[in-house]
1. Return the residues of the range 1-57 that are among the aliphatic types (A, V, I, L, M) and within 16 Å of VAL85 (Cα to Cα); say none if nothing qualifies.
2. Of all residues in the range 6-27 being surrounded by 12 or more Cβ atoms within 10 Å (Cβ to Cβ) and free of Cβ contacts under 8 Å to residues at least 12 places away in the same chain, which is farthest from LEU39 (Cα to Cα)?
3. Would you point out the residue of the range 55-80, among those that are over 22 Å from LYS8 (Cα atoms) and among the basic types (Lys, Arg), that is most open to solvent (accessible area, probe 1.4 Å)?
4. Return yes when ASP28 is closer than 25 Å to LEU100 by Cα and acidic (Asp, Glu) and no when it is not.
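The values are calculated or read from the model by the stated rules, or taken from the named source; none is laboratory data. Please read these numbers as outputs of a predicted model, since none were measured by experiment. No Cβ is skipped: glycine too gets one built from the backbone with ideal geometry, and neighbour counts run over all protein chains shown. Side chains included, ligands, DNA and RNA excluded: accessible areas come from the protein's heavy atoms. Shrake-Rupley method; radii C 1.70, N 1.55, O 1.52, S 1.80 Å.
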Amino acid sequence: MPKRDYGKYVFYFGMALWLLAAVLKLVDQSTLLGLAGLLVLFVAVRNSWGLYVYASTGQPRAKLQGLFDQMDERRGLIFYAVFFVGLLWLAGGLMAFYGLILA
């Protein structure tokens, strides 16, 4: 029996709470930016974990396997590491830092 991945549902729940807070104006704009940054950081952590699992076991997750099918393994791995891990860490970190700390 395959292991269930609840991270997708946690992200959807977080997005629903974020939208509810935005629509009802429960928090100010800078806090909303920081909370969106935390959601992006959550996705970056999930993708980093997928990269770690591939590095330790050699078995890619579905998103990484799709990139391997489109590109060769080396280019797909570089693309995944740069765009799905690195840029999400950078964007989420900047959003969270600016929204929650500087504002």
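1. LEU38, LEU39, VAL40, LEU41, VAL43, ALA44, VAL45, LEU51, VAL53, ALA55
2. VAL27
3. Only one residue fits best here, namely ARG74.
4. So ASP28 passes the test.
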